[in-house]
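**Q** First the structure, which I've put down as structure tokens, then a few questions once you've had a look.
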Amino acid sequence: MRPFALETLTPGRWRNGGGVTREIASRPAGAEEFQWRASIADIDRDGPFSAFGGVDRTFTLLSGRGVRLSCPGVLDRLLERAGEPFAFSGDLELSAELSGGSCRVLNVMVRRGRWAARVERVTDRVVPRPGHAGVLLALRGSWQAGRDAVGPGGGVWWDAGDDAVRAGLTPLSPDASALWADLAPTG
């Protein structure tokens, strides 16, 4: 398992200037065409989203008053509850409208036909399936992840072949909650 903390992830400005992304992990590392990617995005203003052809995305609001994602005649969804994942096609030419100031989201993207993502809010022990990659982002409380304890704004990620995750990820405090992205190879 590879620990991360939000404050140590390098920010990168979006091409359209509407936000900042902090990459947690991308596989294969450094490749132009990723198979899966997890990041934290800060959306600073209303505007268009980049389309990602052949990619499925899952957005989960982490903080802020919310964001409306829309594509005329296809999709219109207001994300206003923190910790509630929303999956959609990256092929869509979306616009984002903020509900009252900037917001932060967990953004998980997978190459359709090769990987599938399931993102859920968890409060109990998580045991990743063999052969799956994944990310656990602590929202509240603390979690035991291998030798590391992680708290809010931190987490761990792992590759499909990592054996260390078989021990699982365990909440250490009664108020612990996290987002778990299970990334399964499909092809």
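The values are calculated or read from the model by the stated rules, or taken from the named source; none is laboratory data. Note that the structure is a prediction, hence the values are computed from the model and not measured. With ideal geometry, Cβ positions are generated from the backbone for all residues, glycine too; neighbour counts draw on all protein chains shown. Areas reflect the complete protein model, heavy atoms only, side chains present, ligands, DNA and RNA absent. Shrake-Rupley method; radii C 1.70, N 1.55, O 1.52, S 1.80 Å.
**Q** Would you say residue 122 is at pLDDT 95 or above, farther than 25 Å from residue 16 by Cβ and either open to solvent by less than 30 Å² (accessible area, probe 1.4 Å) or of a type in the set (S, T, N, Q) (or both)?
**A** yes
**Q** Still on this structure, please answer the following. Does region 67-75 contain at least one residue that is under 16 Å from the mean Cα position of the chain (by Cα) and small (Gly, Ala, Ser)?
**A** No, every residue in region 67-75 fails to be under 16 Å from the mean Cα position of the chain (by Cα) and small (Gly, Ala, Ser).
**Q** Now for a different question. When both residues are 6+ apart or on different chains and their Cβ atoms are under 6 Å apart, which pairs have a first residue that lies in region 127-154 and is hydroxyl-bearing (Ser, Thr, Tyr), and a second that is in a strand (DSSP E or B) and open to solvent by 10 Å² or more (accessible area, probe 1.4 Å)?
**A** 142/149
**Q** Here is a follow-up. Just to confirm my filter: which strands (runs of 3 or more DSSP E) fall fully inside region 18-93 and include at least 2 residues that are within 27 Å of residue 177 (Cα to Cα) and hydroxyl-bearing (Ser, Thr, Tyr)?
**A** Because the criterion is at least 2 residues that are within 27 Å of residue 177 (Cα to Cα) and hydroxyl-bearing (Ser, Thr, Tyr), the strands (runs of 3 or more DSSP E) in region 18-93 that meet it are 19-27, 55-63.
**Q** Could you go through region 64-76 and let me know if any residue there is open to solvent by 20 Å² or more (accessible area, probe 1.4 Å), out of contact with any Leu (no Cβ under 8 Å at 6 or more places or on another chain) and of a type in the set (A, V, I, L, M, F, W, C).
**A** Within region 64-76 (the criterion being open to solvent by 20 Å² or more (accessible area, probe 1.4 Å), out of contact with any Leu (no Cβ under 8 Å at 6 or more places or on another chain) and of a type in the set (A, V, I, L, M, F, W, C)), the answer is no, since none of the residues qualifies.
**Q** If you scan region 133-153, which residues turn out to be out of contact with any Ser or Thr (no Cβ under 9 Å at 6 or more places or on another chain) and open to solvent by less than 20 Å² (accessible area, probe 1.4 Å)?
**A** Passing the criteria: 133, 134, 135, 136.
**Q** Can you give me the number of residues within region 76-97 that are small (Gly, Ala, Ser) and more than 18 Å from the chain's Cα centre (by Cα)?
**A** Going through region 76-97 one residue at a time, the tally reaches 1.
**Q** So residue 49 passes all but one of these: (1) surrounded by fewer than 19 Cβ atoms within 10 Å (Cβ to Cβ); (2) touching a strand residue (DSSP E or B) at 6+ places or on another chain (Cβ under 6 Å). Which condition number does it fail?
**A** Of everything listed in (1) surrounded by fewer than 19 Cβ atoms within 10 Å (Cβ to Cβ); (2) touching a strand residue (DSSP E or B) at 6+ places or on another chain (Cβ under 6 Å), residue 49 misses just condition (1).
**Q** Among the β-branched types (Val, Ile, Thr) and under 16 Å from the mean Cα position of the chain (by Cα): is that true of residue 58 in this structure?
**A** yes
**Q** Counting only residues that are under 22 Å from residue 153 (Cβ atoms) and small (Gly, Ala, Ser), which one in region 6-41 is surrounded by the most Cβ atoms within 10 Å (Cβ to Cβ)?
**A** For region 6-41, the residue satisfying everything is 38.
**Q** Oh, and also: Give me the pairs: first residue in region 79-98 and touching a residue at least 40 places away in the same chain (Cβ under 8 Å) and under 18 Å from residue 109 (Cβ atoms), second residue hydroxyl-bearing (Ser, Thr, Tyr) and open to solvent by 70 Å² or more (accessible area, probe 1.4 Å), beta-carbon distance under 6 Å, and six or more apart or on different chains, which are they?
**A** Filtered contacts from region 79-98: no entries.
**Q** I'm told residue 165 meets every condition in (1) out of contact with any Asp or Glu (no Cβ under 7 Å at 6 or more places or on another chain); (2) of a type in the set (Val, Ile, Thr); (3) assigned to a strand (DSSP E or B) except one. Can you identify the failing condition by its number?
**A** (3)
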